[in-house]
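One structure below.
The values are calculated or read from the model by the stated rules, or taken from the named source; none is laboratory data. Here the structure is a predicted model, which means the values were calculated and not measured. Here Cβ is always computed from backbone atoms with ideal geometry, including for glycine, and neighbour counts include all displayed protein chains.
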Amino acid sequence: MSALEFVNVSKSFGDVNALSNFTIALEQGELVSLLGPSGCGKTTALRIAAGFETSDTGSILLGSTNIIGLPAHQRRMGMVFQSYSLFPHLNIRDNVAFGLKVGGVPGDVRKKRAEEMLDLVRLSDLGHRMPHQISGGQQQRVALARALATEPHVLLLDEPLSALDAKIRVEVRDEIRRLNRDLGVTTMFVTHDQDEAMSISDRICVMDNGVIEQIGSPRNVYNNPATSFVAHFVGSINSLPRGNTRVLIRPENLVLATHDESAQWRGAVTDITFVGAFTKIAVVLDNDKSSVSVLAISSQIDHNIAIGKNIGINEEIR
Amino acid sequence: MKFVGKIWPRLYIAIAIVFFAAPLLSMARFAFQRIPVISLGKDNLFKRWTIDGLLTTLRDPEFAHSLSVSLKVAFFTVLVLLFLMVPTTLWVHLSAPRWRGVVETVTILPYVVPPIALVVGVSGTYRSIAPWFLASNYSLVPFYAILAMPFTFRSLDVGIKALDLRTLVDAAKSLGASSGRVMWNVLLPNLRTSLINAAFLTITVVLGEFTIASLLLKRTLPMYMAQAQGSEPQGALGLGLLILVLTTILFTLVSIIRKKDSTNINAKNINSGMVP
């Protein structure tokens, strides 16, 4: 039995189909990302699970219970939002204890539990502070502690990292992964950022226009994209001519062949971007003028390669 | 050039100070100096100051009665207004943003409709169908609620705009709070300053309203003051000044609280990169 299951859930706003026959099952303790561009329906799916949005058709099973129609406050779903949603009038500890307080847990018990949760996100010394006195990353960790304090059936995360700057984003991302593993809480993570989804998920559900394009492990989605949309959205990809058709090849699966006269493709270098360990080389193909990008390990690049130079490209043989 | 740049702002501030302070000073001299008005000049600026006139008025049982009527009416006006406007404003923000314009327009109506038209229309109707309603002092409450509605709506509107309302409500619900709990434990505490602000503005409207009270023949504080101007003019003016000073102090306190609260909220928004 799955921990959380969407069965044929559909939702439209006026003429727009936000979600069409959305079906996915999350196993107990699993972290699944809903990944897609904005407007793909991922947030709608999450909000329907939380009870903030009603679906037009379909059912949502929590264990074996259909929770469609159950009001949001009775669903026991912990949720973390993109904008820090800490209650501005409560200090950090009282924020974490809020769910316990409305659940009728006695004062001393909830205080102890709040301290434990703050310990869990390593913020136990900030309990007395007000939300505006701590940083964005800390606020999101408090929001996580608050959502987990009531021991929810499922943790729903709605782009929780989007408002954070790059370094903090990785920290909080790792924190989410750790909590998911340590507590074994089933987690649904909505994001538009493929790197985020790749690094955190057990499985990724790629969505576009309210429809699921592919569900699979990060490795699977990246290496065996089911559709052209998935291939283009997850990672970057080149479209190269081969005979009468075109093939999709990832930049890291192309190799430069400077001296190979019989290379599969030839083209002129238009740009070289050094990004540390890797270097990105942009090439315009001779035969059909399509733009191709090649990702090479910086230390292995031939120093003769320069902008304007004609080079050969081969598909890497694996 | 630099000199000119400095002198203009100072000149304007000086003019403003004179504009506001001169009438107050004149009022104070009239109310608290035992000197016939005709002989008040700069020679006797510091002579024969006394608060006897004010004390006589404060001891007048009619004053106590009118003050209590006004305060009771103010209290119920605040209750009625908050009871009506808090849910309305929240509803407009949460579920029906397209109705915002309509609600805003309706709340502005009291500015446009003169109180006299309001009273004549309403009293005409009620005199025939429910005369007991107009007999009670509390018949002023709905009128004053209408008069103070623009202030209440605006004050709440500003307070709510400063919050990330949708997210706070959703967060509270996901944590198990029912709608009542959300209102009581999340929304009202965060709208505290707006509520206090709205309440004080309403009280000042009630304490200063004359037309409607006079037309409905209610013995409110402004009615008493108007009457006392004939019998005990010094006391009436002294009282006016006292009320002015008290309300100024009250509003200063409110704005201090508001500043404190808005640092909370703004700091929160700046951290999250969402400056309102």
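Quick notes on this structure:
- Filter result (under 19 Å from B:PHE200 (Cβ atoms) and free of Cβ contacts under 8 Å to residues at least 40 places away in the same chain) within region B:72-110: B:PHE75, B:LEU79, B:PHE83
- Taken over region A:40-52, residues that are facing another protein chain (nearest Cβ under 10 Å) and of a type outside the set (Lys, Arg) amount to 3.
- Region B:134-159 - residue that is among the small types (Gly, Ala, Ser) and within 25 Å of B:SER68 (Cα to Cα) and, of those, surrounded by the fewest Cβ atoms within 10 Å (Cβ to Cβ): B:SER136
- Number of residues in region A:298-318 that are β-branched (Val, Ile, Thr) and part of a strand (DSSP E or B) equals 2.
- Among the residues of region A:58-93, the ones that are within 12 Å of chain B (Cβ to nearest Cβ) and of a type outside the set (A, V, I, L, M, F, W, C) come to 13 in all.
- In region A:94-109, the residue that is surrounded by the fewest Cβ atoms within 10 Å (Cβ to Cβ) out of those that are over 32 Å from the mean Cα position of the chain (by Cα) and within 14 Å of another protein chain (Cβ to nearest Cβ) is A:GLY104.
- Residue in region B:182-194 that is surrounded by 18 or more Cβ atoms within 10 Å (Cβ to Cβ), within 14 Å of chain A (Cβ to nearest Cβ) and more than 27 Å from the chain's Cα centre (by Cα) present: yes
- Residues satisfying the stated conditions in region B:236-254, i.e. surrounded by 12 or more Cβ atoms within 10 Å (Cβ to Cβ) and either assigned by TED's automatic domain parsing to the domain that holds B:ALA31 or over 17 Å from B:LEU207 (Cα atoms) (or both): B:LEU253, B:VAL254
- Residue satisfying all of: in region B:72-84; surrounded by fewer than 23 Cβ atoms within 10 Å (Cβ to Cβ) and touching a helix residue (DSSP H, G or I) at 6+ places or on another chain (Cβ under 6 Å); farthest from B:THR107 (Cα to Cα) among these: B:PHE76
- Test: residue in region B:202-222 that is of a type in the set (Phe, Trp, Tyr), assigned to a helix (DSSP H, G or I) and either more than 14 Å from chain A (Cβ to nearest Cβ) or touching an Asp or Glu at 6+ places or on another chain (Cβ under 8 Å) (or both): no
- Listed by position, the helices (runs of 4 or more DSSP H) enclosed by region B:120-180 that each have at least 2 residues that are closer than 26 Å to B:VAL103 by Cβ and more than 14 Å from chain A (Cβ to nearest Cβ) are B:140-161.
- Filter result (touching a helix residue (DSSP H, G or I) at 6+ places or on another chain (Cβ under 8 Å) and surrounded by fewer than 18 Cβ atoms within 10 Å (Cβ to Cβ)) within region A:53-70: A:GLU53, A:THR54
- The residues of region B:31-49 that are within 34 Å of the chain's Cα centre (by Cα) and outside any loop (DSSP other than H, G, I, E, B), listed by number, are B:ALA31, B:PHE32, B:GLN33, B:VAL37, B:TRP49.
- Failed item, numbered, when B:SER136 is tested on (1) in contact (Cβ under 8 Å) with a residue 12 or more places away in the chain; (2) over 27 Å from A:HIS89 (Cβ atoms): (1)
- Any hit, region B:6-23, residues being within 22 Å of B:GLU232 (Cα to Cα) and either modelled with pLDDT under 90 or exposed (fewer than 13 other Cβ atoms within 10 Å of the Cβ) (or both): yes
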